[in-house]
Amino acid sequence: MSSTNKSIEPLWWGLFSAGGVVAAFLVPVHIVIFGLAMPLGWIPTDTGELFHHPLVKIYLFVLIALPLYHWAHRFYFTVNDMRLGVPRGPLAFLCYGGAIVGTVMTVWVLLQL
Amino acid sequence: MNGTAVRPDKSKLYYPKMPRMWWLQKWAYLLFMLRELSSVFIAVFLIVFLVQIYQSTKGPEAYAAFVQKLSSPGWISFHIVALLFAVYHSVTWFESTAVILPLRLGERSVPRNLVFALILGAWIAVSAAVLILFLSLRG
């Protein structure tokens, strides 16, 4: 890694850590609600309006964007550890770039509401 | 301090030789790998969830149709697996949090297991709060 990469590493690590906390506390209950209970008909689907509340939007931004950086950090190091021969530079670009693209997408969707 | 850090001579560095499938050699290694891969399932779920939120901009019918799509056996299976991975992430994350952030009460440090149990309790409370809030705001 070059010295510039080294200097922003704490930022990635901080986002990884924050995303890990958000994912640990909030993701399981959302999988239960939106991935299982709602499709299986245990909860009615008239929930679209709820997303329009400003506070809910901020909540959704934190819920969706931060764990993407958690994914980026873990996936980057896991693929390295798996010794699949994926070059580090492009892999880092794909992972952290992917998280940034996901963040932009999240903001875009939330602004559409 | 020398700003341009002293870089070790690469030819003198030791690179341990590891077989490609090293993580299948021990149960602990496999659990480590599964824990790391939990982030993939969490990320995929969040992207699907984002698409679901996006559908709500197109009206209640589009939203309901998307939820209907998620009721297919494939998606239900995915969400069951994703939930298992997510819970595995939560439990392992709280275990390490209990190690990283030891609690102290005066002179005595709170036993690690108790810190872990407290965080687990907080997680269950937060999950219940989200569920109750969601069900009450929906109406």
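The values are calculated or read from the model by the stated rules, or taken from the named source; none is laboratory data. All figures in this text were calculated on a predicted structure; none of them were measured in a lab. Reconstructed Cβ throughout: ideal geometry from the backbone, glycine too, with neighbour counts over all protein chains shown. Surface accessibility is based on the protein's heavy atoms, side chains included, excluding ligands, DNA and RNA. Shrake-Rupley method; radii C 1.70, N 1.55, O 1.52, S 1.80 Å.
Brief remarks on what is shown
- Restricting B:GLY139, B:GLY59 to those that are open to solvent by 60 Å² or more (accessible area, probe 1.4 Å) and at pLDDT below 95 reduces the list to B:GLY139.
- Sole residue being among the β-branched types (Val, Ile, Thr) and over 29 Å from B:ALA122 (Cα atoms), chosen from A:ILE31, A:ILE8, A:ILE43, A:ILE58: A:ILE8
- Candidates A:GLY14, A:GLY20, A:GLY35, filtered to the one that is within 19 Å of the chain's Cα centre (by Cα), free of Cβ contacts under 8 Å to residues at least 12 places away in the same chain and buried (at least 22 other Cβ atoms within 10 Å of the Cβ): A:GLY35
- Test result for B:GLU95, open to solvent by 30 Å² or more (accessible area, probe 1.4 Å) and acidic (Asp, Glu): yes
- Tally, over the stretch B:79-93, of residues that are free of Cβ contacts under 8 Å to residues at least 24 places away in the same chain and within 16 Å of B:PHE49 (Cβ to Cβ): 2
- Condition check for B:ALA82: within 7 Å of chain A (Cβ to nearest Cβ), open to solvent by less than 50 Å² (accessible area, probe 1.4 Å) and closer than 22 Å to A:LEU68 by Cβ: yes
- Sole residue being in a helix (DSSP H, G or I), in contact with a Lys or Arg (Cβ under 9 Å, 6 or more places away or on another chain) and open to solvent by 20 Å² or more (accessible area, probe 1.4 Å), chosen from A:LEU50, A:LEU55: A:LEU50
- Unmet requirement for A:LEU66, which otherwise passes all of (1) at the interface with another protein chain (Cβ under 7 Å from one of its Cβ atoms); (2) touching a residue at least 24 places away in the same chain (Cβ under 8 Å); (3) buried (at least 21 other Cβ atoms within 10 Å of the Cβ): (1)
- Residue in the stretch B:23-42 that is surrounded by 13 or more Cβ atoms within 10 Å (Cβ to Cβ) and among the β-branched types (Val, Ile, Thr) present: yes
- Scanning the stretch B:10-32 for residues that are at pLDDT below 90 and assigned to a loop (DSSP other than H, G, I, E, B) yields B:LEU13, B:TYR14, B:TYR15, B:PRO16, B:LYS17, B:MET18, B:PRO19, B:ARG20, B:MET21, B:GLN25.
- Candidates in the stretch A:71-113 are the residues that are closer than 26 Å to B:GLN55 by Cβ and in contact with a His (Cβ under 9 Å, 6 or more places away or on another chain); of these, the one that is most open to solvent (accessible area, probe 1.4 Å) is A:LEU113.
Listed here are the residues, each with its yes/no results for (1) under 18 Å from the mean Cα position of the chain (by Cα); (2) in a helix (DSSP H, G or I); (3) more than 7 Å from every other protein chain (Cβ to nearest Cβ); (4) among the aliphatic types (A, V, I, L, M).
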| site | (1), (2), (3), (4) |
| --- | --- |
| B:PRO8 | no, no, yes, no |
| B:LEU34 | yes, yes, yes, yes |
| B:SER38 | yes, yes, yes, no |
| B:ALA65 | no, yes, yes, yes |
| B:ALA86 | yes, yes, no, yes |
| B:PRO102 | no, no, yes, no |
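- Of the residues screened, A:ARG74 is not one that is farther than 19 Å from B:ILE47 by Cβ and among the basic types (Lys, Arg).
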